[in-house]
Every structure is written in C-alpha cells, then in structure tokens.
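Student: Got a structure for you, questions after.
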Amino acid sequence: MSALPAAEARERATARQDGDIDDTVIQVRGLDNRFGSQVVHAGLDLDVRRGEILGVVGGSGTGKSVLMRSIVGLRRPDNGSVRVLRFDPHGSEEDRAAIERRTAVLFQEGALFSSLDVTENVEVALRQHLDLPSALRGDIARLKIGLSGLPMDAARKLPSELSGGMKKRAGLARALALDPEILFLDEPTAGLDPVGAAQFDELILTLRDALGLTVFLITHDLDTLFAICDRVAVLAEQRVLINAPLPEVLALPHPWIRDYFHGPRARAAQNAHVAARSGA
Amino acid sequence: MHCVPGANASLARMTQAVSMPPRFEVVRTAAGVGAHARGAWTVDHAAALSTELSAGVVAEPVRIDASGLDALDSTGAMLLLKALPLDAGGAPDLGRIEGLTPQRVALMRRVAQALDGGSVPPVAPGALHALLANIGETMLSILDQGRQLLGFLGLLLTTALRVLPRPARWRLTSIVHHLEQTGLNAVPIVALLSFLVGAVVAYLGATVLEQFGAGLYTVDLIGFAFLREFGGLLAAILVAGRSGSAFTAQIGAMKNREEIDALETIGLDPVEVLVLPRLVALLIALPILTFVAMMAGLLGGMTVGATSLDISPVLFTTRLQESIPPQHFWVGMVKAPFFALLIALVGCLEGFKVSGSAESVGTHTTSSVVQSIFLVILLDAICAVVFMELDW
C-alpha cells in the first residue's frame, strides 16, 4: 500500500473496477464454532474477493447463518481468525466501527424497525454515523429507496403495510444507506414467488455492477446460484468443501453436491438458465 | 472523518478511501464556464459537499471535468447529478460531464434512474393540524368501537338464541374448561386482594369514625362498601385483567394463524365455537367470584376489627345482620352478570380485530383490558346513581 491516501484510494477504485483477483475483502482462517457438544464449523477457511457475488450454500444446520454472524461480528467464534477489509470484527472498538460502517446486512425477514416508516428506517444509519442536514438526508434516503426498486409511495409506509417482497427491498434500501463495500444477504429470495425472486436477483446483480459491491449471499435458491453468483462456496463436513465458480462445483464428486445440484429441481433451474442465456 | 496524525493504523486504514476532501471548483475561461470535481465524493463528505455545491451553483457550469475524482459512491453520484445542468427533457445532462470511467457513468445512470421515481410523500402537516386530526380520528374510532360492540352483542345474542334450543351444540367441555380458567383459577387472587382491601377500608373507616366515637360504624362501612360496590368491582377488574386479556390473546393468535378461517371453511361458526363458551363460563364464574370477593372483604374487615379495633367477630356479625339488609347483597350481585357480558364481549371482539402481525395481538390485548375496565367502572357508576335514586 502506498503512503499517499489519495493514491491508495485511486488504487482501490481501480481494483474495484478491474476485479483484481488478489483483492481479498473477507478472509476466514481456521474458524471453529460449537454449540455445546455440537460442532458446526471446524477449521473453516474462506476467502471472498472484492466485487464478486459469492453464493453460500449448504444443508440445514451446516452453519451458513452462523458463518455470516461470525464474519459480521454478531457471534464470537470459538477459535480462528476473521478479517473483513483487514479489520477484525471481534477486535478493537475502531475495527468494529470500521466494519459496521463499511458493511451492511439484509436479514432474512428484512428486520425493519416496526415503529418506523421505510424512509425513517433508511435514515437510522445515516443519523447514527453522519451529521447531515435533514434535506440531504431525505435525498439520500429517496435515492436508496429508488435504487432498491421500491415505488416512492411506499416511502412513508410502515413495515406492517408492506408485502414480503417489498419488505426485502426496504431492508435492502436500509442496508445500502451508507454505501457499504460488502453486502451480506441472508436468503434474500426465500418466501418470494418465482417472479419476485428473479427480479430480486436481477436487482442484486445491477446494484453490484453499479455500486461496485461485494456480495456475500446465503441462499437455498438454485435459480439465484445459476443466475447471479460468480462463485459458490459449499458448506459441508464442518468446513467449506469447495469455493469456486459453479461449473467446478458441479464437477466435484461429493454425495451432497450430487444430491443438491443434480436433483430434478436443480436440473430445471440449470436448463432455465441455459435457455435464458441462449435466448439473450 | 477527522484523523489526527499518528492515530492508530486501523483508523488510518479506515479513512484511506475517504480522506481526500471533495472539491468543486468553478473555472472561467474564454471558452465558457467549467468546473472541476475532485477528491472523494462519498457519503462521509456529503454534508461538506452539499454546502460547497450550493455555494458554486450560481456559476451554472457548462461542463464538469470529473477526472480528478478519487472515489464516487451513490451519494456522491447523486450530488454530482445535482450540479449538472438539465437537458431538454428536464433530466440532468450526463453528456456535459467528462473524465468518468465507464463504471462511474453506469453508476450515474443508475442513480439518475433511481431518483426519477418522484418525491417522498410528506410526513405530516403542522402540529395543530395533526392535533385536530388526532382528536377527530379518536372520536370517530370511539364511535366506531361502540357501533362494533353493539353489532357484536347482537350477533352473539342471535347465535345464543339459535344454539339454546339445541343442547347437543352447547360445547360443555369447552365451557367447563373456561370455567376452570376464568373462575376456579382466579379464586385465590380475588380472595387475597379483596381481603387486603377489606382490611384497608376497615382501618380507614376506624380512623375517621373513632373521632366521633362511632368506631362500631366501621362494620356498616365495610358491609355497605363490599356488598354493594367493592366485591363486584374488584372481581370484575381482576377478571378483566386476567381473563379478558386472555380471551383477546387466544382468539387473536388463532386469527393470526388463520385458525378462524379454517373453522369457517369447515362450516363451524367461530362465534358459536369460541365466543359462546367463554361468555357462558364468565356469566357463571363472575357472580361466584363476586361472592368470594364480598366474603373475603368482610373477612378482612373482621380480622382488622378483631385484632386492632376491639370489635369481636361476634359483635361484627351481629352488627352486620342488624344494619345491612340483604337487598344490598343483591344490589352487588345483580351487576355481576352484566360485568361478565361486557368483559367477554370486549375481550372476544378485540381478539377478532387482530390482523397480520404478532404486534397486533399485543396492541389489541392492551386495548381489550383498558376498554373492559373502563366500561365496568362506567357501568358501576351508572348503577350506583340509579340504585341511589331508586332508594334501594
């Protein structure tokens, strides 16, 4: 890293653009997670590169959400090291503050604050971290709501007045409030109908391209994996079995991968994806 | 973000991307007015940037050179769009900006598109307007609530009349279950609280009446108070808090899980299945609890009389029999079924009004308790006046 901050920033911006493969933004080494006698992770390693959409899959109970919670600092792992943008999520106050400021999480049900309307939900992080004039804050909130694809008449609605898909979009708008570099998504398409899920996938893809996001995406949705993920990390046997582009994952001879990716539903998703590709 | 020299390494790393303050410099040349955008145009600098822009806006730059940008995020892109002159269509003219990488141009387009959706509807009008609107809304909702309560009463009565001639549909198991829940299980708390209130009233009465040498009239006070008013009121308030809320929560949770809809699709009437047994149970339980409260209150007074006021239990009961005719007991008892009807009605109706979220169950449970206690006390006050005028 060069000493001049401006040069550093430029370097970083270029890295974002070129998709520099050496730029690891999340690094997990030797992670152990246990609940009592139940071992969830043992010696888990994972790298996430800048600008990619990483799909994280695994059977129930393989600790996908636990892994995400360990990375963002919600759960202290029993052993191992985690680095997010070179900061330690379980380290000093400054490190944690930096991670909070530069990453964002979209929880499964959106986790919108129920007493606040959508605009106020987006503004929470802006109020907490930045001292902005209220007009500018309103403009930023409007921008994020627009980016997440919500109509403006939803901006003053309470979470209870929104449909499931709109809640997720509102949650995404809140996650984008501070222009994070890394976005964590916990099953973003769960509970959406196929049309809504496809639209949400499309949205994530365009936002990644426009905002230069790195996306850590936990999913069960085979369509999502085929449509938007650059690489797929498979959790099994208490570790990351493979973290590679989808064709390589599909080629791996492993019973779980065979059951998951070569079942009838997976074939349907793959065919649909191939058809969409050749049609376009 | 401010960074003192020599601050620790992680802070320096944290600010690396945002440390160059953004600039918007207007330059005038022979060719016209131009502007240079430099530095990090990010959300961290948004406040400073918007001040800078509002100062530079008078110049109305013709072209913006953005090649000096260190960083640009969506907030920065939004502010940059604001600095651009508008094209013929009224949108920011992206053609007037130079030196952007293709990725940043894409970002600008995406942001422009996101902002195109119109404006956020206003939050609320002024405070006075909001106050008046609030008063109006509350009044309307009270009226509406009254109307709904009467409607529900009618529905309940017609259902009861329909079911009454058919004992096979009386749902005895359910009635007995609710009798246990609302009646038997409430006996200890009703008895204990009434006993304590009885003791307190005895002390109060004695303190005042002793001054006139009329300490024995404490017995009259306790008798009147508990038989006519306190017994029924205490029992009803406790049942409203205990069972009215439970009715709302139970029916509300069933509504949430679509159990009510399931009942209807099977051809069962939710009012008959859920409300009637609760109402019948409460109609039986509350008079019994009222009786328990009366006796416990008298016992509390008697205990205080015997221990601290020199009124022996024998004297207490004799005095009670002499000075309180049985009509006072009946004045107290006759109100109990009406209280029961109110509590069951409000509790069940609020349960049916639950919609959607778990939060809604909480809101309606609170509302159910407040309403039923309010209505019980209101009815009691009306009865007190009426019975007084009738000289009962």
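Student: For region B:376-383, does any single residue satisfy the condition of being acidic (Asp, Glu) and surrounded by fewer than 16 Cβ atoms within 10 Å (Cβ to Cβ)? I'd like the intermediate steps shown before the answer.
Tutor: Residues of region B:376-383 acidic (Asp, Glu): B:380.
Those left that are additionally surrounded by fewer than 16 Cβ atoms within 10 Å (Cβ to Cβ): none.
Checking region B:376-383: not a single residue is acidic (Asp, Glu) and surrounded by fewer than 16 Cβ atoms within 10 Å (Cβ to Cβ).
Student: Of B:290, B:303, B:307, which residue is part of a helix (DSSP H, G or I) and more than 18 Å from residue B:226 (Cα to Cα)?
Tutor: B:307
Student: While we're on this one: Can you confirm whether region B:107-124 contains a residue that is among the basic types (Lys, Arg) and either touching a Leu at 6+ places or on another chain (Cβ under 9 Å) or in contact (Cβ under 8 Å) with a residue 60 or more places away in the chain (or both)? Reasoning before the result, please.
Tutor: Residues of region B:107-124 that are among the basic types (Lys, Arg), as a first pass: B:109-110.
After this cut, where a residue has to be either touching a Leu at 6+ places or on another chain (Cβ under 9 Å) or in contact (Cβ under 8 Å) with a residue 60 or more places away in the chain (or both) as well, the list is B:109-110.
Yes, because at least one residue in region B:107-124 is among the basic types (Lys, Arg) and either touching a Leu at 6+ places or on another chain (Cβ under 9 Å) or in contact (Cβ under 8 Å) with a residue 60 or more places away in the chain (or both).
Student: From the list A:93, A:120, pick out the single residue that is closer than 18 Å to residue A:171 by Cβ and out of contact with any Phe, Trp or Tyr (no Cβ under 7 Å at 6 or more places or on another chain).
Tutor: A:120
Student: Now for a different question. Restricting the search to region B:98-122, which residues are of a type outside the set (A, V, I, L, M), in a loop (DSSP other than H, G, I, E, B) and surrounded by 17 or more Cβ atoms within 10 Å (Cβ to Cβ)? I'd like the intermediate steps shown before the answer.
Tutor: Applying the first criterion (of a type outside the set (A, V, I, L, M)) to region B:98-122 yields B:98-99, B:101-104, B:109-110, B:113, B:116-119, B:121-122.
Remaining after also requiring in a loop (DSSP other than H, G, I, E, B): B:99, B:101, B:116-119, B:121-122.
Of everything in region B:98-122, just one residue is of a type outside the set (A, V, I, L, M), in a loop (DSSP other than H, G, I, E, B) and surrounded by 17 or more Cβ atoms within 10 Å (Cβ to Cβ), namely B:117.
Student: If we scan region A:55-77, do we find a residue that is touching a strand residue (DSSP E or B) at 6+ places or on another chain (Cβ under 9 Å), more than 30 Å from residue A:261 (Cβ to Cβ) and not β-branched (Val, Ile, Thr)?
Tutor: yes
Student: If you check residue B:179 against the conditions, is it farther than 21 Å from residue B:317 by Cβ, away from chain A (no Cβ under 14 Å) and crowded, with 18+ Cβ neighbours inside 10 Å? Let's see the steps before the verdict.
Tutor: On the way: farther than 21 Å from residue B:317 by Cβ: yes; away from chain A (no Cβ under 14 Å): yes; crowded, with 18+ Cβ neighbours inside 10 Å: yes.
In short, yes.
Student: Let me ask something additional. Taking residue A:99 as meeting all but one of (1) within 18 Å of residue B:119 (Cβ to Cβ); (2) more than 8 Å from chain B (Cβ to nearest Cβ), write down the number of the exception.
Tutor: Of the numbered conditions (1) within 18 Å of residue B:119 (Cβ to Cβ); (2) more than 8 Å from chain B (Cβ to nearest Cβ), the odd one out for residue A:99 is (1).
Student: Any chance region A:172-193 includes a residue that's within 14 Å of chain B (Cβ to nearest Cβ), among the small types (Gly, Ala, Ser) and closer than 30 Å to residue A:34 by Cβ?
Tutor: Yes, because at least one residue in region A:172-193 is within 14 Å of chain B (Cβ to nearest Cβ), among the small types (Gly, Ala, Ser) and closer than 30 Å to residue A:34 by Cβ.
Student: Output the residues belonging to region B:311-336 that are over 27 Å from residue B:284 (Cβ atoms) and not in a helix (DSSP H, G or I).
Tutor: Scanning region B:311-336 gives B:311, B:312.
Student: Oh, and also: Give A:132, A:143 a once-over and let me know the one that is farther than 19 Å from residue A:219 by Cβ and not in a helix (DSSP H, G or I). Even if it seems obvious, please write down each step before you answer.
Tutor: On the way: A:143 fails: not in a helix (DSSP H, G or I).
After applying the criteria, what remains is A:132.
Student: Which members of region A:51-75 meet the condition of being more than 17 Å from residue A:238 (Cα to Cα) and free of Cβ contacts under 8 Å to residues at least 40 places away in the same chain?
Tutor: A:73, A:74
Student: Has region B:344-357 got any residue that is at pLDDT below 90 and either crowded, with 16+ Cβ neighbours inside 10 Å or not assigned by TED's automatic domain parsing to the domain that holds residue B:222 (or both)?
Tutor: First, pick out the residues of region B:344-357 that are at pLDDT below 90: B:355-357.
Keeping just the survivors that are either crowded, with 16+ Cβ neighbours inside 10 Å or not assigned by TED's automatic domain parsing to the domain that holds residue B:222 (or both) gives none.
Taking every residue of region B:344-357 in turn, none turns out to be at pLDDT below 90 and either crowded, with 16+ Cβ neighbours inside 10 Å or not assigned by TED's automatic domain parsing to the domain that holds residue B:222 (or both).
Student: Working carefully through the options A:148, A:114, A:134, find the one that is more than 24 Å from residue A:199 (Cβ to Cβ), of a type in the set (Gly, Ala, Ser) and in contact with a helix residue (DSSP H, G or I) (Cβ under 6 Å, 6 or more places away or on another chain).
Tutor: Details: A:148 fails: more than 24 Å from residue A:199 (Cβ to Cβ); A:134 fails: in contact with a helix residue (DSSP H, G or I) (Cβ under 6 Å, 6 or more places away or on another chain).
Answer to the selection: A:114.
Student: Which is in a helix (DSSP H, G or I) and within 14 Å of chain A (Cβ to nearest Cβ), of B:359, B:350?
Tutor: The conditions single out B:359.
Student: Could I ask something else about it? Restricting the search to region B:8-48, which residues are modelled with pLDDT under 80, facing chain A (nearest Cβ under 9 Å) and surrounded by 13 or more Cβ atoms within 10 Å (Cβ to Cβ)?
Tutor: Those that are modelled with pLDDT under 80, facing chain A (nearest Cβ under 9 Å) and surrounded by 13 or more Cβ atoms within 10 Å (Cβ to Cβ): B:10, B:11, B:12, B:13, B:14, B:15, B:16, B:17, B:18, B:19, B:20.
Student: Let me ask something additional. Give the residue that is farthest from the chain's Cα centre (by Cα), with candidates limited to residues of region A:116-169 that are facing another protein chain (nearest Cβ under 9 Å) and small (Gly, Ala, Ser).
Tutor: A:135
Student: Would region B:291-299 turn up any residue that is modelled with pLDDT of 95 or more and of a type in the set (Phe, Trp, Tyr)?
Tutor: yes
Student: Right, another one. Just give me the residues in region B:72-97 being crowded, with 19+ Cβ neighbours inside 10 Å and either more than 47 Å from the chain's Cα centre (by Cα) or among the hydroxyl-bearing types (Ser, Thr, Tyr) (or both), in sequence order.
Tutor: Matches in region B:72-97: B:74, B:75, B:84, B:97.
Student: Pick from region A:48-95 the residues that are under 14 Å from the mean Cα position of the chain (by Cα), more than 14 Å from every other protein chain (Cβ to nearest Cβ) and assigned to a strand (DSSP E or B): which of them is surrounded by the most Cβ atoms within 10 Å (Cβ to Cβ)?
Tutor: Taking the candidates together, the pick is A:56.
The values are calculated or read from the model by the stated rules, or taken from the named source; none is laboratory data. Everything quoted here is computed from the prediction, not taken from an experiment. Neighbour counts run over all protein chains shown; Cβ positions are idealised from the backbone, glycine included.
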